[in-house]
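Taking it in order: structure first as structure tokens, then the write-up.
The values are calculated or read from the model by the stated rules, or taken from the named source; none is laboratory data. Every value quoted in this text rests on a predicted model; they were computed, and no experiment measured them. Virtual Cβ from ideal backbone geometry, glycine too; neighbours counted across all protein chains shown.
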Amino acid sequence: MNTSNSQKTKAAEQIRSMRKSIDDFLNKLEQKILDDLESKHSQLKSKMNTLLQQVKTQANQISQLQSEFSKMTQYATELQTYVGLREIEKTTSQAAKYIDELKSGDNFEEKNLEVNISPALQSILQEVKYFGNIIINTRQSTLQIKPGRKDQAQNLVPAIPRIEEIKPAMLRTLTIPEDMKSEFTPVCRILPDGKYLIIQSYALLLFGNDGIFERKVLTFTEYISDACYVTNNTVAVALGVINKTVLVDLKKNQIIQTIKLSHDCSGVASDGKILAVRCNQKSTCIVNLNDMSQAILEEVGATHISLFGGNIYGTIFMENNVCCYKQTGEPLWTFQHHDINGPEGIALDKHGFVYIASRKNNRIVVVSPDGKTCKTILSDVDRIN
């Protein structure tokens, strides 16, 4: 019930937010056209006032000539009348020329202010029939009810999917710039914010949630063996044979710490508290990120490693093994299956299912959390190669 009330409140906020955005947008458009109307009206009014003033001046001159002509016919001699008529003719000619000039232009054309409402705006009234719709999504329950006594409270626990229910779906395709395609190595890390970190031999590249290249984070002089997310926009980068792993701030695009080791660094994994660095096929170094102390686990060897739930998971390429160890190095289980041939990349989901990139047969295989069963979920038919 609390969840339903929260969803209702959130939905109402979205509706009001959209309404406010629409109102603000329409108010902005309205003010813009009102400003344009005021400007056009001012221009038209100014031209009309100027024309009226000029016509009024000419009318006054003609009225004055009429008065002078009337007096001249009553009191002037013939010679005076002749001279006066010449002056009147000159003035009337100028007035006639002015009238002709007004006619030849657009001064006498009727000018009307009109408004044309945007068809797209008008179409809202005809085409938009509803603000949105409210739907109730139904999905499989994530709760299990544990049987007990009638007077015992029912225990609600998250449901863990069965391995048969795991079915991948295409989420995103990364668009690699043409000038970078030849230099790519198959190492990709999905960051918590949904962006993608790619290793390009000597550089770290960042791709957005939409799969489009954003920027080059950092370029190294040494070859990058592996990388993993640590915490707070920080990633660990293994620099192979120079026996170093560095911590890189993705926002600042700079190295913030260098971890020197007594061995090469061919793989890294982190849970935010520790850093597991693969030394070779037979040992792994655990770095405590609080005090940077180091401990070597001699029997924890793997091609690639991952951390989950306080355990270390790894693949052993030559033996076709998937292994699980405690962080102390104690082995928990080892799994083999004919679907797994040349295992390399490894990752885990929130339920503890282990996902393996099987290189020699182009498959993605999921292994159960207890290391007893597996299922191929993608193959070369799905363009895995």
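Are any of the residues in the stretch 200-211 in a helix (DSSP H, G or I), out of contact with any Lys or Arg (no Cβ under 9 Å at 6 or more places or on another chain) and modelled with pLDDT of 85 or more? No, the stretch 200-211 contains no residue that is in a helix (DSSP H, G or I), out of contact with any Lys or Arg (no Cβ under 9 Å at 6 or more places or on another chain) and modelled with pLDDT of 85 or more. For the stretch 2-16, the criterion of being more than 38 Å from the chain's Cα centre (by Cα) and surrounded by fewer than 11 Cβ atoms within 10 Å (Cβ to Cβ) is satisfied by no residue at all. Taken over the stretch 154-197, residues that are surrounded by 10 or more Cβ atoms within 10 Å (Cβ to Cβ), touching a Lys or Arg at 6+ places or on another chain (Cβ under 8 Å) and either outside any loop (DSSP other than H, G, I, E, B) or at pLDDT below 85 (or both) amount to 6. Scan the stretch 302-313 and tell me whether some residue there is surrounded by fewer than 21 Cβ atoms within 10 Å (Cβ to Cβ), outside any strand (DSSP E or B) and among the hydroxyl-bearing types (Ser, Thr, Tyr). No; the residues of the stretch 302-313 include none that is surrounded by fewer than 21 Cβ atoms within 10 Å (Cβ to Cβ), outside any strand (DSSP E or B) and among the hydroxyl-bearing types (Ser, Thr, Tyr).
Residues in the stretch 352-385 that are in a loop (DSSP other than H, G, I, E, B) and within 18 Å of ALA169 (Cα to Cα): PHE353, ASN362, SER379, ARG383, ILE384, ASN385. Going by the conditions given, is GLU319 part of a loop (DSSP other than H, G, I, E, B) and of a type in the set (Asp, Glu)? In short, yes. Within the stretch 246-279, the residues that satisfy the criterion of being without any contact (Cβ under 8 Å) to a residue 40 or more places away in the chain, assigned to a strand (DSSP E or B) and under 31 Å from the mean Cα position of the chain (by Cα) are VAL246, LEU247, ASP249, GLN254, ILE255, ILE256, GLN257. If you go through the stretch 213-241 and keep only what is buried (at least 16 other Cβ atoms within 10 Å of the Cβ), without any contact (Cβ under 8 Å) to a residue 24 or more places away in the chain and in a loop (DSSP other than H, G, I, E, B), you end up with just PHE220. Examine the stretch 313-326 for a residue that is at pLDDT below 90 and farther than 23 Å from ASN385 by Cβ, and state whether such a residue exists. Taking every residue of the stretch 313-326 in turn, none turns out to be at pLDDT below 90 and farther than 23 Å from ASN385 by Cβ.
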